[in-house]
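**Q** Below you'll find the structure I mean.
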Amino acid sequence: MNKAALKSQIRDNVRSQRMQLSNKQIENAAATLTKHATVDGNPELLNIIASANTIALYRAVRGELSCDGIAKYLLDQGKTICYPRVKGETMDFFEVKDLDSDFSIGAYDVPEPKMECRKIYPNDIDLILVPAVAYTQDGSRLGQGGGYYDRYLNHYGADKRPIAVGICYDFQVYSALPVEEHDYTVDYILCVPSEEA
């Protein structure tokens, strides 16, 4: 099987598994993720999150693991949070102060920050939570196929890039993935066991 076909098969498999989760399972998993990211997780990663001033997140769609609980926690801590908005082949991040009122439906039917939200420039982002279809334990990532995060993160120089944290369910972790040279590798993975979902 060639690389493109294998990527497609993995994407179909993971998306199918995510869509089989009940609303209750998704809520429980999001609560577990928030706990692991804020009070009861990897001490090194907890310290990184606590010391970050500006954090980029994403809005979950189609069964993705939700970061909304983390976002609320960060806002309560006085942090600056931002979310992506897609335009053509590019993606930029914009500050969000209210998770209920600062979004409208954008590209690919994904909630995006409204046009009046303030742009956050790449060098101001300390930490970025990255969605994906699948990861390996060493941080290799298979995205949705649009390449937005790969292009955005590969644009940084090695000394300027934010800490990147992959977010996923345990069934999204593979022993190996058909990655390309341009596929971005994250620094950490926050993974929620599916039995906790």
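The values are calculated or read from the model by the stated rules, or taken from the named source; none is laboratory data. All values derive from a computational prediction rather than experimental measurement. Reconstructed Cβ throughout: ideal geometry from the backbone, glycine too, with neighbour counts over all protein chains shown. When the accessible area is computed, the model is the full protein with side chains, heavy atoms only, and any ligands, DNA or RNA have been set aside. Shrake-Rupley method; radii C 1.70, N 1.55, O 1.52, S 1.80 Å.
**Q** Of (1) modelled with pLDDT of 95 or more; (2) farther than 26 Å from L46 by Cα, L177 satisfies all except one. Which?
**A** Among (1) modelled with pLDDT of 95 or more; (2) farther than 26 Å from L46 by Cα, the lone unmet condition for L177 is (1).
**Q** Right, another one. Conditions: (1) open to solvent by less than 20 Å² (accessible area, probe 1.4 Å); (2) more than 26 Å from H36 (Cα to Cα); (3) of a type in the set (K, R). K119 meets all but one. Number of the miss?
**A** Unmet for K119, out of (1) open to solvent by less than 20 Å² (accessible area, probe 1.4 Å); (2) more than 26 Å from H36 (Cα to Cα); (3) of a type in the set (K, R): (1).
**Q** Same structure, new question: Can we say Y149 is open to solvent by 10 Å² or more (accessible area, probe 1.4 Å) and aromatic (F, W, Y)? Quick ask: steps written out before the conclusion?
**A** Working: open to solvent by 10 Å² or more (accessible area, probe 1.4 Å): yes; aromatic (F, W, Y): yes.
For Y149, the condition - open to solvent by 10 Å² or more (accessible area, probe 1.4 Å) and aromatic (F, W, Y) - is met.
**Q** Moving on to the next point. Considering only the stretch 158-179, I want to know if a residue exists there that is farther than 19 Å from L57 by Cα, touching a residue at least 40 places away in the same chain (Cβ under 8 Å), outside any strand (DSSP E or B) and open to solvent by 60 Å² or more (accessible area, probe 1.4 Å).
**A** Yes: the stretch 158-179 contains one or more residues that are farther than 19 Å from L57 by Cα, touching a residue at least 40 places away in the same chain (Cβ under 8 Å), outside any strand (DSSP E or B) and open to solvent by 60 Å² or more (accessible area, probe 1.4 Å).
**Q** Additional query: Among the residues of the stretch 37-52, write down those that are touching a residue at least 40 places away in the same chain (Cβ under 8 Å) and either in contact with a Phe, Trp or Tyr (Cβ under 6 Å, 6 or more places away or on another chain) or under 17 Å from A132 (Cβ atoms) (or both).
**A** Answer for the stretch 37-52, where residues must be touching a residue at least 40 places away in the same chain (Cβ under 8 Å) and either in contact with a Phe, Trp or Tyr (Cβ under 6 Å, 6 or more places away or on another chain) or under 17 Å from A132 (Cβ atoms) (or both): A37, L45.
**Q** Identify the residue in the stretch 40-63 that is outside any helix (DSSP H, G or I), under 22 Å from Q172 (Cα atoms) and touching a strand residue (DSSP E or B) at 6+ places or on another chain (Cβ under 8 Å) and, among all such residues, is most open to solvent (accessible area, probe 1.4 Å).
**A** As a first pass, look at the stretch 40-63 and keep what is outside any helix (DSSP H, G or I): 40-42, 52-63.
This time we only want the ones that are under 22 Å from Q172 (Cα atoms), so: 40-42, 56-63.
With touching a strand residue (DSSP E or B) at 6+ places or on another chain (Cβ under 8 Å) added as a condition, the list becomes 41-42, 56-59, 61.
On the way: G41: 29, N42: 76, A56: 0, L57: 0, Y58: 8, R59: 47, V61: 24 Å².
Checked the stretch 40-63; the qualifying residue most open to solvent (accessible area, probe 1.4 Å) is N42.
**Q** Taking the stretch 75-93, which residues are surrounded by fewer than 15 Cβ atoms within 10 Å (Cβ to Cβ) and either part of a strand (DSSP E or B) or β-branched (V, I, T) (or both)? Show your work before the answer.
**A** First, the residues of the stretch 75-93 that are surrounded by fewer than 15 Cβ atoms within 10 Å (Cβ to Cβ): 76-78, 87-90.
Correct list: K87, T90.
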